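Notes to accompany the following structure.
The values are calculated or read from the model by the stated rules, or taken from the named source; none is laboratory data. This structure is a prediction, so every number in the text was calculated from the model and none was measured. Here the Cβ positions follow ideal geometry from the backbone for every residue, glycine too, while neighbour counts run over all protein chains shown. Remember, those area values only see protein heavy atoms, side chains included, never the ligands or the DNA or RNA. Shrake-Rupley method; radii C 1.70, N 1.55, O 1.52, S 1.80 Å.
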Amino acid sequence: MSVRILADSACDLPIDFYEKNNVTLLPLKVHINDREYEDLKTIDPKTVYDSIRNGSVPKTSQTSPLLFEEAFTRMAQNNEDGIYIAFSSQLSGTYQTAVMILEQVKETYPDFNLTIVDTKCASIGQGLIVREAARLAAENASKEEILKDVIFRSEHMEHLFTVEDLEYLAKGGRVSKASAFLGGLLNIKPLLNVEDGKLVPLEKIRGKKKVLRRVIEVMKERGSRLDEQVIGISHADDLETAEEMKALIQEAFNPKEVYISSIGAAVGAHTGTGTIAIFFLNQLPL
């Protein structure tokens, strides 16, 4: 029996990915104007971005404990082994909740073989790891082989992103308040990255074109064998800039694939509109 892969919606893969690849979806929650939605299942990113433009402040909450309990129990009863590839524990309580529920389920099913990995990644950085794990699972790789790949990619995934306005990330406590003044100021664009699962401002750059060019420079500094990689781009309702970034990446590195996805409702509620994020490995598995 192949290994079951589970992923939460913060990995920003489209809904049909889960169905086509037999991956279990664990949606985070999104709250807009006192209504609760399940990311990907009952709300799409466009709804979140439109509500932000209309002055709403969407909130998010972690995957429900009940959903974890149901998914884990079903797997335990079916004697399935699995790997849950989780959103960074530094950005959500989802990972900690999953660990707690797994312990509870194992009290009833002590032989249940599920491993939960804190990727310290977000958006398509996490999504690229899920994609590769699903591919390996479909090829009937062993749990140990898949787990080794997931952990390696989690440790070597680079995140580079720029936002239209840091205010959204600051409001949600995702970056320090001190850096929020940059948003919208004299066309200054912040370039951020992820360090140990946390969002950290890297540089201030004037103008969008310069930011995109700087991303290419940082990729050259940090990336490894980029021509052999699948490079990810996610965007918050700005496909045009994502395509522009893709063209620059293809010209500079000619990678195996450039995968573009929308930033989902849960992550997008914190980034606001116009965010562009780029993901690649600083080292490749042997």
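Summary of values
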| read-out | value |
| --- | --- |
| Computed log₁₀ I(q)/I(0) - Debye formula, equal Cα scatterers, no solvent, region 21-128, q 0.16, 0.18 Å⁻¹ | -0.78, -0.94 |
| With all protein chains modelled, accessible area of Val215 [1.4 Å, Å²] | 0 Å² |
| Helix axis angle, 123-138 relative to the chain longest principal axis, alpha carbon, degrees | 40 degrees |
| Relative contact order of the chain, defined on C-alpha pairs under 8 angstrom at six or more residues apart (%) | 23 percent |
| Mean separation of Cα contacts under 8 Å, 6 or more apart, over the residue count of region 7-156: relative contact order % | 25 percent |
| Length added when fully stretched, Glu139-Gln96, from 0.36 nm per residue minus Cα-Cα | 12.5 nm |
| Crossing angle, helix 65-77 versus the chain [Cα axis fit, 0-90 degrees, rounded to tens] | 40 degrees |
| Greater than 31 Å apart at Cα, pairs in Lys59/Lys148; Lys143/Lys198; Lys204/Lys246; Lys29/Lys210; Lys59/Lys220 | Lys59/Lys148; Lys29/Lys210; Lys59/Lys220 |
| Degrees, to the nearest 10: 94-108 long Cα axis against longest axis of the chain | 0 degrees |
| Computed E for Gln283/Lys210 - FRET, C-beta separation, R0 25 angstrom, nearest 0.05 | 0.35 |
| Accessible area in the full protein assembly, largest first, 1.4 Å probe, for Lys198, Lys29, Lys20 | Lys20, Lys198, Lys29 |
| In sequence order, calculated HN-Hα J values of region 147-159 (Karplus, 6.51, -1.76, 1.60; Hz; x Gly/Pro) | 4, 4, 5, 4, 5, 4, 5, 4, 6, 10, 7, 9, 10 |
| Two-site label geometry, His156 and Asn22: point separation in nm, points 7 Å out along Cα→Cβ | 2.8 nm |
| Assigned charges on the beta-carbon of Lys, Arg, Asp, Glu; the chain dipole about Cα centre (debye) | 960 debye |
| Expected 222 nm ellipticity per residue - DSSP helices of 4 or more, -39500 (n - 2.57), all of the chain, to 500 | -12500 deg cm²/dmol |
